[in-house]
Amino acid sequence: MECSNPVLLARGFAAALFLPLVGVPNLADAHEAKSGWSYPYACCSNNDCREVSADLVSERPEGYVIRTTGEVVAYSDKRVRDSPDGVYHWCSIAGADTSRTICLFVPPKSF
């Protein structure tokens, strides 16, 4: 069966373009910390970031050490960022506890 009505064809085409987007999650939701601030897209392309306990990150002379991986992130590394809510947030590839750090949000030093 062939449709020759251009209005119906245009509506059908628009619907076909829109339908695949219905199931796509809102990217802003995927980048939001529990406290409500948004992770930068460069750090979190999906659910790579999460709040972590201070026990996961230790401060050593060489930098921040991620306990689960042993990775050292130097204090001067561009992946180290200030934490807007004062707690640690770790962004790792695919959000895995065994993968490389994308970004590390650190609370301010208390003196």
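Give me the pairs: first residue in region 72-90 and among the charged types (D, E, K, R), second residue outside any strand (DSSP E or B), beta-carbon distance under 6 Å, and six or more apart or on different chains, which are they?
ASP85/SER35
Hey, among the residues in region 28-57 that are acidic (Asp, Glu) and surrounded by fewer than 14 Cβ atoms within 10 Å (Cβ to Cβ), which one's nearest to ARG81 (Cα to Cα)?
The first filter runs over region 28-57 and keeps only residues acidic (Asp, Glu), leaving 29, 32, 48, 51, 55.
Narrowing the set further to residues that are surrounded by fewer than 14 Cβ atoms within 10 Å (Cβ to Cβ) leaves 29, 55.
Numbers: ASP29: 20, ASP55: 18 Å.
Here the answer is ASP55.
Search region 100-111 for residues being part of a loop (DSSP other than H, G, I, E, B) and at pLDDT 95 or above, and hand back the single one that is surrounded by the most Cβ atoms within 10 Å (Cβ to Cβ). Reasoning before the result, please.
The first filter runs over region 100-111 and keeps only residues part of a loop (DSSP other than H, G, I, E, B), leaving 100, 107-111.
Now restrict to residues that are at pLDDT 95 or above: 100, 107.
Values: ARG100: 13, PRO107: 15.
Residue satisfying both the conditions and the ranking: PRO107.
Here is a list: ALA74, ALA42, ALA33, ALA96. Which entry is at pLDDT 95 or above and on the phi < 0 side of the Ramachandran plot? Don't jump to the end; show me each part of the working.
On the way: ALA42 fails: at pLDDT 95 or above; ALA33 fails: at pLDDT 95 or above; ALA96 fails: at pLDDT 95 or above.
Going through ALA74, ALA42, ALA33, ALA96 in turn, just one is at pLDDT 95 or above and on the phi < 0 side of the Ramachandran plot: ALA74.
Can you tell which of TYR88, TYR64 is within 16 Å of the chain's Cα centre (by Cα), surrounded by 17 or more Cβ atoms within 10 Å (Cβ to Cβ) and either modelled with pLDDT under 95 or not β-branched (Val, Ile, Thr) (or both)? Outline the logic, then answer.
Values: TYR64 fails: within 16 Å of the chain's Cα centre (by Cα).
Being within 16 Å of the chain's Cα centre (by Cα), surrounded by 17 or more Cβ atoms within 10 Å (Cβ to Cβ) and either modelled with pLDDT under 95 or not β-branched (Val, Ile, Thr) (or both) holds for just one of TYR88, TYR64, which is TYR88.
Tell me yes or no: at least one residue of region 2-21 is of a type outside the set (A, V, I, L, M) and modelled with pLDDT of 85 or more.
Step one: list which residues in region 2-21 are of a type outside the set (A, V, I, L, M), which gives 2-6, 11-13, 18, 20.
Checking which are modelled with pLDDT of 85 or more leaves us with none.
No: region 2-21 contains no residue that is of a type outside the set (A, V, I, L, M) and modelled with pLDDT of 85 or more.
The values are calculated or read from the model by the stated rules, or taken from the named source; none is laboratory data. Worth saying up front: this structure is predicted, and the values here are computed from it rather than measured. Methodologically, a virtual Cβ is constructed for each residue, glycine included, from the backbone with ideal geometry; neighbour enumeration extends over all protein chains shown.
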